[in-house]
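The values are calculated or read from the model by the stated rules, or taken from the named source; none is laboratory data. Just so you know, these numbers come straight off a predicted model, no measurement behind them. FYI the Cβ positions are ideal-geometry reconstructions off the backbone, even for glycines, and counts take in every protein chain you see. In case anyone asks, the SASA skips ligands and DNA or RNA and just uses the protein heavy atoms, side chains included. Shrake-Rupley method; radii C 1.70, N 1.55, O 1.52, S 1.80 Å.
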Amino acid sequence: MKVYVFNGVNLGRLGTRQTNIYGLTSYADLVKNCVADGERLGLAVECRQTDDEAELIRWIHGAADEGAAVVLNPGAWSHYSYALRDACAQLTGPLVEVHLSNIHAREEFRHHSVISAVAAGVICGLGVDGYRLALEHLAIRLTSAA
Ligand code: DQA
């Protein structure tokens, strides 16, 4: 079962970027953890990160065409990208939105995600554990759907 883990803008800088908020795990280690979690859970996990919104939208289109499940941390695009939301609305597999930080406890502009309404669920504030929890949920969900 294929699951894409897509990370949007600025998330390639994990481990050095505002570590008090986003933690010390590097993007490379996040990828290693997600792939290892996928192996444990019987999921074929593929991770990608981009700072280019159009590229992310193309990846979402591809996942929609494949019927794949997606774990997505859209970064700041969460808060204003209707284009990304419209792409996510086309997904045919489940979408889990993940945020490392608790966006509701931060600046007001972060409180709303335009993506959440088209996601199956949202995990925020649990740091990198959020990705593992999203994959565990998808493993249960995809197995019971099969
Ligand atoms: C984030 C929260 C967003 O508000 C922010 O712009 C990010 C990361 C998170 O993972 O907590 O880049 O999505």
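Once the Cα gyration tensor of the range 2-145 is found, what semi-axes does its equivalent ellipsoid get, as square roots of 5 times the eigenvalues, in whole Å, sorted largest first? Don't skip to the end; give the middle numbers.
Details: eigenvalues 86, 67, 39 Å².
Ellipsoid half-lengths, sorted descending, are 21, 18, 14 Å.
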message: Charges at C-beta only: +1 for Lys and Arg, -1 for Asp and Glu. How large is the resulting dipole of the range 2-145 about its Cα centre, in Debye rounded to 20?
response: 220 debye
task: Taking 7 Å along the Cα-to-C-beta vector as the label spot, tell me the Arg48-Ala89 distance in nanometres, rounded to one decimal.
output: 2.2 nm
message: Give me the percent of accessible area attributable to carbon and sulfur for the chain, probe 1.4 angstrom.
response: 51 percent
- prompt: Roughly how many Å² is the accessible area per residue of the chain, as a whole number, for a 1.4 Å probe?
  reply: 48 Å²
- prompt: Spin-label point model (7 Å from Cα, Cβ direction): what's the Asn10 to Ala117 distance in nm?
  reply: 2.4 nm
